[in-house]
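Reading through the C-alpha cells given below for one structure.
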There are 2 protein chains.
Amino acid sequence: MFKKPECDDCLTRTKSCFVHLVNEDLIELNEKKVCNLYKKGQNIFYEASKPTGIFCLNEGKIKITKIGIDGKEHIVRIVMAGDLFGVRALIGGRNYASSSTAIEDSIVCYLNKDTFLKFIIKYPKMAHSLMTFLSHLLEESDYKMGSLALKPVRERLAESLLYLNNKFKPDFDLQNQYTHQINSLSREELANLIGTATETVIRLLSEFKKDKLIAIEGKIIFLLDIPKLKKVANILE
Amino acid sequence: MFKKPECDDCLTRTKSCFVHLVNEDLIELNEKKVCNLYKKGQNIFYEASKPTGIFCLNEGKIKITKIGIDGKEHIVRIVMAGDLFGVRALIGGRNYASSSTAIEDSIVCYLNKDTFLKFIIKYPKMAHSLMTFLSHLLEESDYKMGSLALKPVRERLAESLLYLNNKFKPDFDLQNQYTHQINSLSREELANLIGTATETVIRLLSEFKKDKLIAIEGKIIFLLDIPKLKKVANILE
DNA sequence: AAATATCAATGACAATTATCATATACGAAA
DNA sequence: TTTCGTATATGATAATTGTCATTGATATTT
C-alpha cells in the first residue's frame, strides 16, 4: 500500500494551479480528492472515454499515448510528478483523445469535475494559471510536431534523449553529481516517442554508444557528452 | 485599401472570446484595435520575437509556420477567419515559437496586450472561453503529431486534404452546392503541412487523380470522392 | 506580346527507414 | 537454480521517401 498524500504539505501542489487555494477550499480539496497507486504498466484513463475529473501526478511517471489504426502506439508526452493531466479533455469539453499509463509505479490524485470547476470559478488566478499551463503544453506539442515534420530519426532520437534527461533530472542538484540517465523507458517506448521503429532506435543507440555520446547498461542510457548530443540533435542554444 | 471592420457587427467576433464584451468595453475594443490588410505572402509576426498583443483574423487565411535549421518550413496550423492567433505566446509569457504569414489577402485586427489582459480579468467568461480555445488548439496539435508519427505520407496527404476542405468550406451550405476544393495552398505548402517533400506531394496527387479521388485544375484541387479519401487517410468515423 | 520568374510535373537515383528473421541477454516466476 | 517470456541486439532485405535534374505550364512584369 501507500500513504495518501496530504495537500497541505504537497510539493507538487505548489507547482500547480491548486497553489491558489486557501483555507476551507484547501481542506475540501484534501478531502474530496481520491488517490491511487498505479503499478508500472497500469492504465489511468482510456482514449475516447469521457472525463469525469482531473488528475494530478504526485509521484512517478505517466505516458500519454495515442493508438494508430494498426495498433501502433505514439507517446504524445510524458507527465512528471507535480503535473496535472487529463486537463485538455475536461476543459475542452471533449472525450479523451489519448490514454494514460504509468511507466513507473505512480501515486495519482483525482478530483471530480464539479469541485474542480467550482474552484476555477471561485479563483480567477487558478483559471489564469490553467491558461498558462495549457499554453505551455501547446508550445511543447507544436515543438514536437515540428521535429517530427522536419528532422530525421537520428536527430529526433538525440533530441528526445536530451528532453527526457531534462525532465527526469532533479530540480536541485547543487553538487552537480547527478548522472544523466534515462531508465524509465524501454527501447520500444523511445521509438514510440519519436515515431520510428524499435529496431531503428536500438541501432542508432548503438551508434551513439560507439561515438561515446552515451553509455548503455542494460536498459539504462547514460548521457556522456551532452554538447555533442545537442549537435547531433541539431539544436542551437 | 480596405474598410476597417466594426466590432459591433463583426461575425468573427461572435465566434471568439470577445463575444462576452458589452457596452463601453465593446466600444473600447473597437477603438483600440488596429486593423491591417496583409497581402498574400506578407508576414504578420516572426518566430522568436516578443508578442505585444493579440491578433484576430477578420478575413482571409493565415499560415502558422516553424523554420527548421536547414531553412525548411513546417506549417503548424492554418488560421481561418474568426480565429484568434498569437494567443499562446502572449498567454504563456513566451516569445513566438512560430511565424504567421498571409496565404490569401487578409484583414487582421490587433489588440494590445494591456487592454486584452484587462478584459480577461474583468470577464471571467472570457478567460474560460480562452481556456477552451487553447484546449482545442492542443487537441488539434496532438492529433497532427500523432499522424506525423504513425501514418505514412500517402495517408497524411489524404487526411490533410480532408482537413483543409473542412476548414475551407463555408459554415452554411444548405443547397449543398459547394464544390469541395483547395486552392489557397501551393504544392510546396501542402508538403510543408504534412512534413514531406514537394515532389512527393505532386506524385501522390497524380496518383489520387488517376484513382478518381480528386481532380486537378492548375493549382486547384477538387475532392471528388470523399468516402474513398477517408479510406486512404485511414480515418474511421 | 515577349520575356522572365515561379510553380507543377516527371524521371532517375540515392538515402533513409521499416520489416522480417534470428540470436542473445535479461529478468520474472516457478 | 532453472525455465520461460520478454527485451535487446544485429543482419538481410524491401519499401518508402528524399534529392537532383529536366521539362513543361502558368503567371507576372516589362
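What percentage of the solvent-accessible surface of the protein assembly as shown, computed with a 1.4 Å probe over protein heavy atoms, is contributed by carbon and sulfur atoms?
Heavy-atom surface of the protein assembly as shown belonging to carbon and sulfur, 1.4 Å probe: 54 percent.
Heavy-atom accessible surface of B:Ile226, to the nearest 10 Å², is about 40 Å², with a 1.4 Å probe and all protein chains retained. The 1.4 Å probe gives accessible areas that order B:Lys33, B:Lys113, A:Lys144, largest first, as B:Lys113, A:Lys144, B:Lys33. Working note: Karplus 6.51/-1.76/1.60 with θ = phi - 60° gives the stretch A:56-63 the couplings 10, 8, 7, 7, x, 9, 10, 10 Hz, where Gly and Pro are set to x.
Given 37 °C and 0.692 mPa s, how large is the Stokes-Einstein diffusion coefficient of chain A in µm²/s, with Rh as the Kirkwood radius over Cα pairs?
On the way: Rh = 19.1 Å.
Approximately 171 µm²/s, per Stokes-Einstein.
For chain B, the longest principal axis of the C-alpha atoms and the axis of helix B:198-210 are separated by about 60°.
Using only Cα atoms, tell me the angle between helix A:153-168 and the longest principal axis of chain A; keep it within 0 to 90° and round to the nearest 10. Compared with the principal axis, the helix lies near 40 degrees.
Using the empirical formula 2.2 N^0.38 Å as the baseline, the Cα radius of gyration of the stretch B:101-143 reaches a ratio of 1.49. Here B:Lys118 yields copy-to-copy label distances, from shortest upward, of 3.5 nm, the label point defined as 7 Å from Cα along Cα to C-beta. Spin-label model, A:Val34 to A:Glu199: label points 7 Å out along the Cα-to-beta-carbon direction sit 4.5 nm apart. Computed from label points 7 Å out along Cα-Cβ, the spacing between B:Leu26 and A:Ile226 is 5.4 nm.
Using the structure shown, list the pairs from B:Lys210/B:Lys231; B:Lys61/B:Lys228; B:Lys66/B:Lys167; A:Lys144/B:Lys209; B:Lys167/B:Lys210 with a Cα-Cα distance above 23 Å, or answer none. With Cα atoms farther than 23 Å apart: B:Lys61/B:Lys228; A:Lys144/B:Lys209; B:Lys167/B:Lys210. Dimensions of the stretch A:29-128 from C-alpha coordinates, computed as largest minus smallest value along each principal axis and given longest first, are 44, 27, 20 Å. Label-to-label distances for B:Ala48 across copies, nearest first, come out at 4.4 nm, using points 7 Å from Cα in the beta-carbon direction. Each other copy holds its own label point for A:Asn95; taking that point as 7 Å from Cα along Cα to Cβ, the gaps run 4.2 nm, nearest first. Placing a label point 7 Å from the Cα of A:Ser49 along the Cα-to-Cβ direction, the residues of the stretch A:20-34 whose backbone N falls under 16 Å of that point are A:34.
Taking B:Asn165, B:Asn23, B:Asn95 as the candidate residues, the one with maximal mean-square fluctuation in a Gaussian network model of chain B, Cα springs under 10 Å, is B:Asn23. Leaving out ligands, DNA and RNA, calculate the buried accessible area for the pair A and B with a 1.4 Å probe, summed over both sides, in Å² to the nearest 100. Separately minus together, A and B give about 3600 Å² buried.
Modelled spin labels at A:Ser206 and A:Lys125, positioned 7 Å past Cα toward Cβ, are 5.6 nm from each other. Does anyone have the angle between helix B:113-122 and the longest principal axis of chain B? Alpha-carbon axes, 0 to 90°, nearest 10? Helix B:113-122 sits at roughly 80 degrees to that axis. The calculated FRET efficiency for B:Asn95 paired with A:Arg187, based on their beta-carbon distance and R0 = 45 Å, is about 0.80. A 1.4 Å probe, protein heavy atoms only, puts the accessible area of A:Glu31 near 140 Å².
Take B:Asp83: with every protein chain present and a 1.4 Å probe, its accessible area is about 50 Å². Value of Rg to Rh for the stretch B:151-233, rounded to two decimals, is 0.95; Kirkwood radius and Rg both from alpha-carbon coordinates.
Cross-link candidates for A:Lys125: which lysines have Cα within less than 17 Å, leaving aside residues fewer than 8 places away along the same chain? Qualifying lysines at Cα under 17 Å: A:Lys15, B:Lys118, B:Lys122, B:Lys125.
Keeping every protein chain present and rolling a 1.4 Å probe, give me the accessible area per residue for the stretch B:90-213 in Å². Walk me through the numbers before you get to the answer.
Details: 5470 Å² over 124 residues.
In whole numbers, the stretch B:90-213 has 44 Å² accessible per residue.
Summarised in one figure, the compactness ratio Rg/Rh of the protein assembly as shown, Cα atoms and Kirkwood Rh, is 0.97.
The values are calculated or read from the model by the stated rules, or taken from the named source; none is laboratory data. Quantities reported herein were computed from a predicted structural model and do not represent experimental measurements. Neighbour counts run over all protein chains shown; Cβ positions are idealised from the backbone, glycine included. For the accessible areas, the whole protein counts, side chains as well, though only heavy atoms, and no ligand, DNA or RNA atoms are used. Shrake-Rupley method; radii C 1.70, N 1.55, O 1.52, S 1.80 Å.
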